[in-house]
Structures are given as C-alpha cells and as structure tokens.
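A.B. asks: Have a look at this one before I ask anything.
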Amino acid sequence: MRRARMWTGIAAASLVLVGACSSSGDSTATTIDAPPCPTAAVDVVVTVDQWTDIVQTLAGSCADVTTIIKGADVDPHEFEPTPADNARFLGADLVVANGLGYDEWANKVLETLSPRPPLVDAGEVVGRTDGDNPHVWYDPTAVKEVAAAITAELSTLLPEAGTYLADRASAWSADLQPYLDEVAAVKAAASGRTYAATESVFDDMAAAVGLEDLTPDGYRAAAANETDPAPADVHAFEEALRGGHVDVLVVNTQTEGSLPAQLRSVAEGAGVPIVEITETMPPGEQSFVSWQVDQLRALGQALGG
C-alpha cells in the first residue's frame with residue numbers, strides 16, 4: 001500500500017502524491033456463515049485484509065478471524081500496532097501475514113511472543129524474498145498456494161476437523177473457478193498486448209495474463225522505492241502513451257495525486273484505455289473472487305475481449 005509521499009521536480013511543477021492505498025488500524029474480529037465446526041474454533045489473526053476473505057472461507061466456523069488492518073487509511077509498512085493489537089497476537093492460535101516487508105511490524109510483534117503462534121507468511125509460501133513484489137494476492141498461482149498452506153495449518157491445529165476443513169477447501173476451490181476462468185479469458189485477449197502502470201500493484205496479474213510491461217524501468221523503480229522518478233522517465237512514460245505503444249494504462253484508484261492524474265490525462269488524450277484497480281478490497285465487494293473478477297472483466301473489455 002502506498003505511503004504518503006512527495007514527487008518533486010517533475011514537469012512544470014512539484015507533484016504531491018498523498019497516501020490512499022493503505023489501511024485503518026482498527027482490529028476487527030469476524031466470523032463467516034458456515035456449517036458448525038465439529039470442534040472448538042481457533043483464533044486466527046490476519047495482518048492485512050487482502051487475505052481475510054480467503055481465511056474466513058477456508059476456516060468456516062472453525063475460526064474466529066481478526067484482521068488487524070482493514071480499509072484504506074493507514075499504511076501497513078508504517079503501521080504501529082496498539083496494545084490491543086498486540087493482545088490479539090498474544091491470544092492467536094494462527095497468524096496469516098503477507099510478508100515481504102509489507103507488514104514487517106507483525107514479525108516484530110511475533111518475535112516478542114513465547115510460545116510463538118504458527119505463521120503462514122504468504123511471501124515465504126510462494127518462495128519470494130524481500131525486495132520482490134509484495135502484492136502476492138494478485139498472483140493466481142500464489143493465491144492457490146497460500147490457501148493450501150492455510151488449510152494445512154488449520155488441519156494441524158484442528159485434527160478433529162480434518163474432513164470439515166477439506167470440505168471448506170473444496171468449496172473455496174469451486175468458488176474460485178470463476179476467477180480462474182476470467183484469468184484464462186483475459187489471457188486469450190491479452191496475447192501480444194501491452195500495458196503500463198502507475199504502480200506495481202497489478203504487475204503479477206498482468207504477467208499472469210501475458211501482458212507485456214512497457215512501464216519505463218526508471219519510473220517503476222522510483223515508484224517501488226517511493227522516490228521521485230527522473231523527468232526523463234516521466235517523459236518516456238508519456239511518450240509511450242502518446243506513441244500508441246501501450247494498449248492499456250493500469251491505475252490504482254486508491255492512490256491520488258498529481259502524477260497519477262497527469263499520466264491518466266495523457267492516456268485519455270492519446271485514446272489509451274484506462275483500467276482501474278485497487279490494492280485492497282473496496283467497501284461493498286462481497287468476496288475476494290468478486291473483487292478480482294470485476295477488475296479482470298474491466299481489463300478484458302479494455303483489451304477488446
């Protein structure tokens with residue numbers, strides 16, 4: 001999620017980017033409407049809400065799920081857990097974190113606990129290391145691998161609920177199918193097509209559907225490191241849009257500011273379709289799957305599929 005940050009010395013004026021793709025620090029405990037668990041439920045803490053719906057669906061009534069950061073108001077990179085948040089970790093039977101530096105504060109809390117609760121670290125599950133793209137939930141293969149790891153940990157904690165959890169995993173796989181079908185449909189439309197993005201949030205999904213990334217390297221590196229892109233990189237980005245080299249521009253609507261608006265305006269002037277995505281599940285979305293399918297359909301339409 002994007003921190004509040006300043007872009008200076010670009011174009012004719014300084015450009016200020018204020019944080020929007022972030023989260024509120026209110027811990028929220030939730031359960032899901034599911035068949036009764038055959039044994040006592042466990043307490044699961046999820047660090048960021050991109051994974052909450054998946055955990056809830058897989059655990060059903062066998063877990064009381066608490067999400068530490070929900071919404072889009074506080075940056076998880078800079079989040080400082082409150083004493084109440086720390087207490088949630090203290091009582092957790094399982095922690096599900098994103099990893100890859102995205103929620104590093106959670107590791108600091110866990111290091112203070114003895115015994116330390118089991119941890120599903122999404123980045124570790126899929127074999128990524130610090131410095132890799134942390135937006136793991138946008139990788140369809142990673143989503144399935146992390147879900148399998150969550151089910152495995154829950155099954156270890158709740159051996160009496162093995163059949164129940166297997167049934168939940170099967171139900172979740174069925175629920176996921178429309179998402180996988182949409183990925184395949186967009187992949188057919190994306191063959192030989194290109195994109196550029198104001199941030200790296202969607203890059204894993206873009207790669208999954210086969211889009212070629214034409215975001216200038218310098219711009220991408222600056223956005224990832226939250227530094228000012230060089231004027232030459234901004235110019236290269238704009239020229240790629242104006243020159244007809246980019247088929248779609250991907251914009252994270254949870255990040256506001258002059259620079260994204262400037263690139264969006266150039267794309268609109270050049271007739272480049274704009275695909276809007278979000279880093280967190282927007283209010284009103286029913287599930288992880290519905291959120292992702294809506295965005296994929298928008299991408300497919302932009303590509304003419």
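A.B. asks: At a 10 Å Cβ-Cβ cut-off, how would you order 158, 211, 119, fewest neighbours first? Please list the in-between numbers first.
C.D. replies: Values: 158 22, 211 27, 119 18.
Result, fewest neighbours first: 119, 158, 211.
A.B. asks: Any idea which of 303, 76, 45 is furthest toward the positive side of the dipole for the chain, if Lys and Arg beta-carbons carry +1 and Asp and Glu beta-carbons -1?
C.D. replies: It is 303, whose Cα lies furthest towards the positive end.
A.B. asks: Rank 167, 228, 85 by mean-square fluctuation in a GNM of the chain with C-alpha springs under 10 angstrom and give only the top-ranked residue.
C.D. replies: 167
A.B. asks: Could you give the semi-axes, largest first, of the ellipsoid that matches the chain, computed as the square roots of 5 times the alpha carbon gyration tensor eigenvalues and rounded to whole Å? Kindly include the intermediate steps, with their values, before the conclusion.
C.D. replies: Details: eigenvalues 258, 103, 41 Å².
Ellipsoid half-lengths, sorted descending, are 36, 23, 14 Å.
A.B. asks: Extending each Cα 7 Å along its Cβ direction at residue 111 and residue 166, get the distance between those two points in nm, one decimal.
C.D. replies: Between residue 111 and residue 166, the simple spin-label model gives 4.0 nm.
A.B. asks: For each of 263, 296, count neighbouring Cβ atoms within 10 Å of the residue's Cβ, then give the residues from fewest to most.
C.D. replies: So the ranking, lowest neighbour count to highest, is 263, 296.
A.B. asks: Taking 0.36 nm per intervening residue step and subtracting the Cα-Cα distance, what contour gain separates residue 181 from residue 242 on full extension? Provide the component values of the computation, followed by the final result.
C.D. replies: Values: separation 61, 0.36 × 61 = 21.96 nm, distance 3.27 nm.
Here the segment from residue 181 to residue 242 would lengthen by 18.7 nm.
A.B. asks: Also, quick follow-up: Given contacts defined as C-alpha pairs under 8 Å and at least six residues apart, what's the relative contact order of the chain, whole-number percent? Kindly include the intermediate steps, with their values, before the conclusion.
C.D. replies: On the way: 580 pairs, mean separation 58.8, N = 305.
Relative contact order for the chain comes out at 19 percent.
A.B. asks: Something else now. Please state, rounded to one decimal and in Å, the Kirkwood hydrodynamic radius that the range 164-236 gives when every pair of distinct Cα atoms enters the mean of 1/r.
C.D. replies: On the way: mean 1/r = 0.0688 Å⁻¹.
The Cα-based Kirkwood calculation yields 14.5 Å.
A.B. asks: I need to check one value: relative contact order of the range 118-201, counting alpha carbon pairs closer than 8 Å and at least 6 residues apart, in percent. Can you show the working numbers first?
C.D. replies: Working: 32 pairs, mean separation 22.4, N = 84.
RCO, the range 118-201: 27 percent.
A.B. asks: Rg and Dmax of the range 228-293, using alpha carbons, in Å: what are they?
C.D. replies: For the range 228-293, the Cα radius of gyration and maximum Cα-Cα distance read 14.0, 42 Å.
A.B. asks: Please give, to one decimal in nm, the separation of the simple spin-label points placed at residue 188 and residue 225, each 7 Å out from Cα toward the Cβ.
C.D. replies: It works out to 4.3 nm between the two label points.
A.B. asks: Any chance you could run the full-extension gain for residue 265 through residue 173? It's 0.36 nm times the residue separation minus the Cα-Cα distance, nm to one decimal. The partial results should precede the final answer.
C.D. replies: Details: separation 92, 0.36 × 92 = 33.12 nm, distance 3.98 nm.
Full extension of this stretch gives 29.1 nm more.
A.B. asks: Compute the length gained on full extension between residue 301 and residue 276: take 0.36 nm times their separation in residues and subtract their Cα-Cα distance, giving the result in nm to one decimal. List each step's numbers first, then the result.
C.D. replies: Details: separation 25, 0.36 × 25 = 9.00 nm, distance 1.20 nm.
Length gained between residue 301 and residue 276: 7.8 nm.
A.B. asks: Out of all DSSP beta bridges with both ends in the range 28-182, state the antiparallel percent to the nearest 5. Could you put the intermediate results ahead of the total?
C.D. replies: Values: 3 of 16 bridges.
Rounded to the nearest five, the antiparallel share is 20 percent.
A.B. asks: State, to one decimal in nm, how far the label point of residue 294 lies from the label point of residue 232, with both points 7 Å from Cα in the Cβ direction.
C.D. replies: Result: 4.1 nm between the two label points.
A.B. asks: Under a point-charge model restricted to the Cβ atoms of Lys and Arg (+1) and Asp and Glu (-1), what is the dipole moment magnitude of the chain relative to its Cα centre, in debye to the nearest 20? Working shown, then result.
C.D. replies: Working: 16 positive and 45 negative charges, 63 e Å.
Dipole of the chain, to the nearest 20 debye: 300 debye.
A.B. asks: Arranged by the count of other C-beta atoms within 10 angstrom, fewest first, what order do 274, 54, 68, 150 take?
C.D. replies: Numbers: 274 15, 54 23, 68 30, 150 27.
Ordered from fewest to most neighbouring Cβ atoms within 10 Å, 274, 54, 68, 150 come out as 274, 54, 150, 68.
A.B. asks: Sticking with this structure for a sec: How much of the pair distance distribution for the range 28-182 lies past 25 Å, counting alpha-carbon pairs only, in percent? Show your work: numbers first, answer last.
C.D. replies: On the way: 3052 of 11935 pairs.
Pairs farther apart than 25 Å: 26 percent.
Every number in this text was worked out from the coordinates using simple rules, so none of it is lab data. In this text, all values refer to a predicted model and were calculated from it rather than measured experimentally. All Cβ positions, glycine included, derive from the backbone under ideal geometry; neighbour counts span all protein chains shown.
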